[in-house]
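The values are calculated or read from the model by the stated rules, or taken from the named source; none is laboratory data. Because the structure is a prediction, the values reported are computed rather than measured. Don't worry about glycine lacking a Cβ; one is built from the backbone with ideal geometry, like all the others, and counts go over all protein chains shown.
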Amino acid sequence: MEHLAMVYRLRPGKKEEYIRAHREIWPEIVDLLRRGTVREMRIFARGDMLFCCAAMESVQAYDAAVADEWMARLLDQPYDRDEAGIFARLEEVWHFDAQETNGVT
């Protein structure tokens, strides 16, 4: 299982529309995520900032299946000068899993 975390920003005044789009998610989007091997995805918001974390079989399969363009009208872009697209991927630096010892004995 691979994990992906991203941050992104809403365009001003688009938060309610974004939330509504995810509460009334289209079956086509769900199918697209499944084709991208996504097993779980969560999105969190704080103001116009969004954080997405997902677990999937393959980040490469996700990239091939999911195009950023469908949300482009709601999201501010580019994210910053280091990220040309909508999403800025985050590097994992640590994780905790209660089922694993994580090096603790």
- request: Only helices (runs of 4 or more DSSP H) wholly contained in the chain count here; list those with 3 or more residues that are surrounded by 15 or more Cβ atoms within 10 Å (Cβ to Cβ).
  value: 15-23, 59-65
query: Is it true that some residue in the stretch 36-54 is of a type in the set (Ser, Thr, Tyr), at pLDDT 85 or above and under 11 Å from the mean Cα position of the chain (by Cα)?
result: no
message: Residues that are under 22 Å from Ile25 (Cβ atoms) and of a type in the set (Phe, Trp, Tyr): does the stretch 71-85 have at least one?
response: no
